[in-house]
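Each remark here refers to the structure printed beneath this line.
Quick note: the coordinates plus some simple rules give every number you see, no bench work behind them. This one's a predicted model, so the numbers in the text were calculated from it and none came from an experiment. Note that each Cβ is placed from the backbone with ideal geometry, even for glycine, and that neighbours are counted across all protein chains shown.
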């Protein structure tokens, strides 16, 4: 219930964005421009915080008027929404944000009211928690696997498909030896990088018994 | 588009509701969390990685001091965030067709909700309440929810096979290997770039 589903934590934050009428460009616009240029692949700051399954940053300009006879009302601030799904506990995650992605954290939350900076990580954690909302209902379809587990599983799934293709015409003895090499390669390889476009090719398919006729490799 | 990263779409929506209705909606979510069979259709759809509903009471918007004006609102607000596979239209169509009673039990307490069926006014209402994502990250952009589940099944089967087959003679090994292939054959779909969607 609440912010957790199994091993996955669902963080929801609303940070009020600074309103400075004297500024040449509003903080909300500057924030949007920064976010539009921020990498989303393995160079993303969230790929560094490797326990992140999925995360989003959204500038919420206002609430929505759904039409009469509902009452029309407006927010007095714009808010930065931070929605993240990650493994482990909140304090560890926020501390990792401060330690592993300080430049991006400063660049994003520096546009928000009362952001204390990162010189004192404890103050940063307190600030982030003061912006947190409790999730009323949280659903995670796969909630018992870490990011690392999932990337590893995708790597093995892809590797096994390649192995099957490669081992189609092998004798039982050859098959046994080739599988032993494949599995050793699986166990010795690191999991793929988070957010990478492909799970990569296991070393056993680049040399040795399994190296010929690999999909996608001339 | 920033709402989409690989095969996953980030949806955000906000809807107003009268504060007295918040209590009823909270009670429904409490039951939904408690009684797992009520989540069956959501699980069976199997194209949502993560989703959440967050109720913000009108006086509970974060207030961080003098540099911010206090909100003065008449409504509470229901925020909805989803990480799903497929296009917006596929998602809303599937929701409307399969989960209409569940959707009505949730958004039926919000203002001006037209009901999940028929789908045309439902889509129009969602489009009005939705707002775009500025930055979206996923650690496995080219894997759908079904890909993730299949990959975990394959990994589990292969690990078990690797452990059990270690001492087998070649012919016994080949037979066990054939059984492994039968077990995992429907879970070996390849992940990769998504088709261009609308």
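With viscosity set to 1.567 mPa s and temperature to 4 °C, compute the Stokes-Einstein D of the stretch B:1-46, Rh being the Kirkwood radius across alpha carbon pairs; µm²/s, no decimals. Walk me through the numbers before you get to the answer.
Working: Rh = 13.5 Å.
So the translational diffusion coefficient is about 96 µm²/s.
Would you mind computing Rg(Cα) / (2.2 N^0.38 Å) for chain A, counting N as its residues? Provide the component values of the computation, followed by the final result.
Details: Rg = 23.2 Å, N = 218, 2.2 N^0.38 = 17.0 Å.
For chain A, the normalised Cα radius of gyration comes out at 1.36.
Which number comes out as Rg/Rh for the stretch B:49-198 once both Rg and the Kirkwood Rh are worked out on C-alpha atoms? Spell out each step's value before the answer.
Values: Rg = 23.5 Å, Rh = 20.1 Å.
Checking Rg against Rh, the ratio lands at 1.17.
Using mean Cβ contacts within 10 Å as the protection proxy, how do A:176-185, B:121-130 order, highest first? If you can, show how the numbers build up before the last one.
Numbers: A:176-185: 20.0, B:121-130: 16.8.
The most tightly packed comes first, giving A:176-185, B:121-130.
Using the C-alpha atoms of the stretch B:116-198, what convex hull volume per residue, in cubic angstrom, is computed? Numbers along the way, then the final one.
Numbers: hull volume 13.0 nm³, N = 83.
About 156 Å³ per residue, rounded to a whole number.
I need the semi-axes of the equivalent ellipsoid of the protein assembly as shown: take the C-alpha gyration tensor, multiply each eigenvalue by 5, square-root it, list largest first in whole angstrom. Write down the numbers at each step before the final one.
Details: eigenvalues 386, 126, 63 Å².
Taking √(5λ) for each eigenvalue gives 44, 25, 18 Å, largest first.
Taking every pair of alpha-carbon atoms in the stretch A:1-68, what share in percent sits in each 10 Å bin, from 0 to the bin with the longest distance?
Answer for the stretch A:1-68: a P(r) of 14, 34, 33, 16, 2 percent.
For a distance above 19 Å, tell me the whole-number percent of Cα pairs in the stretch B:99-159 that qualify.
Working: 1049 of 1830 pairs.
Taking all Cα-Cα pairs of the stretch B:99-159, the fraction more than 19 Å apart is 57 percent.
Have a look at B:138, B:15, B:110 and tell me which one the Gaussian network model of chain B (Cα, springs below 10 Å) gives the largest fluctuation.
It is B:138.
Which whole number in µm²/s is D for the stretch A:42-99 by Stokes-Einstein, with the Kirkwood Rh taken over Cα pairs at 20 °C and 1.002 mPa s?
Numbers: Rh = 14.0 Å.
Diffusion coefficient, whole number: 153 µm²/s.
In nm, what is the difference between 0.36 nm times the number of residues separating residue A:120 and residue A:48 and their Cα-Cα distance? List each step's numbers first, then the result.
Numbers: separation 72, 0.36 × 72 = 25.92 nm, distance 2.08 nm.
Full-extension gain reported as 23.8 nm.
Given only helices, namely DSSP H runs of n ≥ 4 each adding -39500 (n - 2.57), what is the per-residue ellipticity at 222 nm of the protein assembly as shown, to the nearest 500 deg cm²/dmol? Intermediate values should be presented prior to the final figure.
Values: 14 runs with 168 residues, N = 416.
The helix contribution divided over the protein assembly as shown gives -12500 deg cm²/dmol.
Sequence gap at least 6, Cα distance under 8 Å: using those rules, report the relative contact order of chain B to the nearest whole percent.
Working: 245 pairs, mean separation 61.2, N = 198.
About 31 percent, as a whole number.
Just order B:144-156, B:182-194 by mean Cβ neighbour count inside 10 Å, highest at the front, would you? Intermediate results must be reported in sequence, preceding the final value.
On the way: B:144-156: 20.6, B:182-194: 14.5.
Most protected by this proxy first, the peptides run B:144-156, B:182-194.
Just grab the label-to-label distance for residue B:146 and residue A:72, each label 7 Å out from Cα along the Cβ direction, in nm (one decimal).
4.5 nm
Using only the alpha carbon atoms of the stretch B:7-115, find the Kirkwood hydrodynamic radius as the inverse mean reciprocal pair distance, in angstroms to one decimal. It would help to have the intermediate numbers written out before the result.
Values: mean 1/r = 0.0650 Å⁻¹.
Over the stretch B:7-115, the inverse of the mean reciprocal pair distance is 15.4 Å.
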